[in-house]
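Presented below is the structure to which this report refers.
The values are calculated or read from the model by the stated rules, or taken from the named source; none is laboratory data. Since the model is a prediction, treat every value here as computed from it, not as a measurement. Please note: Cβ atoms are built from the backbone with ideal geometry, for glycine as well, and neighbour counts cover all protein chains shown. Side chains included, ligands, DNA and RNA excluded: accessible areas come from the protein's heavy atoms. Shrake-Rupley method; radii C 1.70, N 1.55, O 1.52, S 1.80 Å.
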Amino acid sequence: MLDPHALPSPERPAAPGAERRAAGVAPADPLAAALAACADLLPRLAAMQSLGDPAAQRQALLQLPATLQAASAALARLAASADDAVTHDTRGDALTGLADRAQLEAACAGLALQFPEAPLTLVAVDVDHLRHVNDHRSRATGDAVLRAVAEVLRAQSRPQDVLARADGGRFVVVLGGPVSTTRALLVAERLRAAIEAHAWAAIGDGLRVTASLGVAARAPGEPLDDVLARSGTALQECKRRGRNQVRSRA
């Protein structure tokens, strides 16, 4: 991958995985391959920056495309592996058929690679009074409610959105691409209204189900747990204010 006659560079420790590449051993996984490709690219860019002669810089630029292409291909394979983990992983949530936590993390990693400079918006959906349904009707009725909420979320979401069940009566919708806060709040309100308007009487006479929704944006590089915590804080605000509403947390 790295042309030994390309750019002059100061002596430095070998990049992670360099010994494996020199021995012709491929990195163990797509993430390792992406890290190795970027590790090859960064020293070349730094060395090119240190060249004072414009002619030498031009020559160095001519030698970059192959390395750039290799890095781009490795990042593309990493993104594809994240998509594949969600598409082909047969685990998922057994009750609703939505993604589970591991699949959610893989999908968010893929979106972060696809949109590295943009925040990604997450909507947490919490079924109001689910425990009351379980206790006063039946656990089977509660499960039917969760499956119906999952179907409503599917019907109201786009193919590129990621739908997951976090735990209990909480779901997560990750919008598949950068959107404004205003747009995200409109999407969340549409989801809330659709859940409230669902034909719940088909599950149980007199049954009425609503949900509280918390919106938060994940900054580039931010851990998923942090944005989930902020969306959870927004949900708590919904509960304090009476449930069946949408709140956001920066």
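Data overview
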| quantity | calculated |
| --- | --- |
| Any hit, the range 178-189, residues being assigned to a helix (DSSP H, G or I), more than 30 Å from residue 117 (Cβ to Cβ) and out of contact with any Leu (no Cβ under 7 Å at 6 or more places or on another chain) | no |
| Pair list, Cβ under 8 Å, 6 or more apart: the range 180-209 residue free of Cβ contacts under 8 Å to residues at least 12 places away in the same chain, other residue open to solvent by less than 80 Å² (accessible area, probe 1.4 Å) and not in a helix (DSSP H, G or I) | 201/207 |
| Check on residue 67, outside any loop (DSSP other than H, G, I, E, B), modelled with pLDDT under 75 and closer than 30 Å to residue 163 by Cα | no |
| Count of residues meeting criterion [without any contact (Cβ under 8 Å) to a residue 40 or more places away in the chain and basic (Lys, Arg)] in the range 115-142 | 2 |
| Residues being more than 21 Å from residue 198 (Cα to Cα) and either open to solvent by less than 60 Å² (accessible area, probe 1.4 Å) or of a type in the set (S, T, N, Q) (or both) - total across the range 240-250 | 1 |
| Condition check for residue 148: in contact with a His (Cβ under 7 Å, 6 or more places away or on another chain) and surrounded by fewer than 21 Cβ atoms within 10 Å (Cβ to Cβ) | yes |
| Which numbered condition residue 188 misses (of (1) of a type in the set (Gly, Ala, Ser); (2) over 20 Å from residue 242 (Cβ atoms); (3) crowded, with 22+ Cβ neighbours inside 10 Å) | (2) |
| Matching residues in the range 210-228 - criterion: being of a type outside the set (S, T, N, Q) and surrounded by 14 or more Cβ atoms within 10 Å (Cβ to Cβ) | 211, 213, 214, 215, 216, 217, 218, 222, 224, 227, 228 |
| Scan of the range 191-209 for residues that are surrounded by fewer than 16 Cβ atoms within 10 Å (Cβ to Cβ) and in contact with a strand residue (DSSP E or B) (Cβ under 8 Å, 6 or more places away or on another chain), ordered by number | 196 |
| Scope the range 164-183; condition crowded, with 21+ Cβ neighbours inside 10 Å and either in contact with a His (Cβ under 8 Å, 6 or more places away or on another chain) or among the aliphatic types (A, V, I, L, M) (or both); matching residues | 164, 172, 173, 174, 175 |
